[in-house]
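Have a look at the structure below, then the notes.
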Amino acid sequence: MLPRDTNDRGTIFGGVILSHIDLAGAIAARRHAARNFVTKAMHEVEFIAPVYVGDVVSFYASLTREGTTSLSIRVEVEAERLSEAGRQIRVTEAEVIYVAIDQDGRPTPIR
């Protein structure tokens, strides 16, 4: 993470992490089905540990549910501290719901 992403306490803004969660989940959705998806919801994001400048942050996304027009993707976030190479710390996790849409922006079946 970079200095431009920090708050006045010197940690990374939660909103920056949320943005990356959304991107990671969207990539997983797109890999699962070649459709256009939009984000419908992000459930219960609780920040467990801070992220600092210089941390290497990893986002792990996996499909947890497939509906007719929507997917649920679980995204787990870990940080490797710059000062403690190799040590992974759980930062947060979230379930993100994506809806497949057609060219007019209306929900469409995934399959």
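The values are calculated or read from the model by the stated rules, or taken from the named source; none is laboratory data. It should be emphasised that the depicted structure is a prediction, and the values quoted were computed from it without experimental measurement. No Cβ is skipped: glycine too gets one built from the backbone with ideal geometry, and neighbour counts run over all protein chains shown.
Restricting the stretch 70-102 to residues that are among the acidic types (Asp, Glu) and outside any strand (DSSP E or B), the residue that is nearest to residue 26 (Cα to Cα) is 102.
Filtering the stretch 1-31 to residues that are surrounded by 14 or more Cβ atoms within 10 Å (Cβ to Cβ), over 27 Å from residue 105 (Cβ atoms) and in contact with a strand residue (DSSP E or B) (Cβ under 8 Å, 6 or more places away or on another chain) leaves 1, 5, 6, 11, 12, 13, 17. Restricted to the stretch 89-106, and to residues that are surrounded by fewer than 15 Cβ atoms within 10 Å (Cβ to Cβ) and not acidic (Asp, Glu), which residue is nearest to residue 69 (Cα to Cα)? Residue satisfying both the conditions and the ranking: 106. Hey, can you tell me all the residues within the stretch 19-31 that are under 17 Å from residue 69 (Cβ atoms) and either modelled with pLDDT under 95 or basic (Lys, Arg) (or both)? Correct list: 30 only.
Every listed requirement among (1) more than 15 Å from the chain's Cα centre (by Cα); (2) on the phi < 0 side of the Ramachandran plot is met by residue 27 save one, (1). Of the residues making up the stretch 36-46, those that are touching a residue at least 60 places away in the same chain (Cβ under 8 Å) and farther than 11 Å from residue 71 by Cα number 1. For the stretch 37-69, the set of residues classified as surrounded by fewer than 17 Cβ atoms within 10 Å (Cβ to Cβ), part of a strand (DSSP E or B), in contact with a Lys or Arg (Cβ under 9 Å, 6 or more places away or on another chain) and hydrophobic (A, V, I, L, M, F, W, C) consists of 56, 63, listed by residue number. With respect to residue 73, determine if the residue is closer than 30 Å to residue 103 by Cα and surrounded by 14 or more Cβ atoms within 10 Å (Cβ to Cβ). So residue 73 fits the description; yes.
Is it the case, given these coordinates, that residue 34 is surrounded by 15 or more Cβ atoms within 10 Å (Cβ to Cβ) and either modelled with pLDDT under 95 or within 14 Å of the chain's Cα centre (by Cα) (or both)? Spelling it out, it is not the case that residue 34 is surrounded by 15 or more Cβ atoms within 10 Å (Cβ to Cβ) and either modelled with pLDDT under 95 or within 14 Å of the chain's Cα centre (by Cα) (or both).
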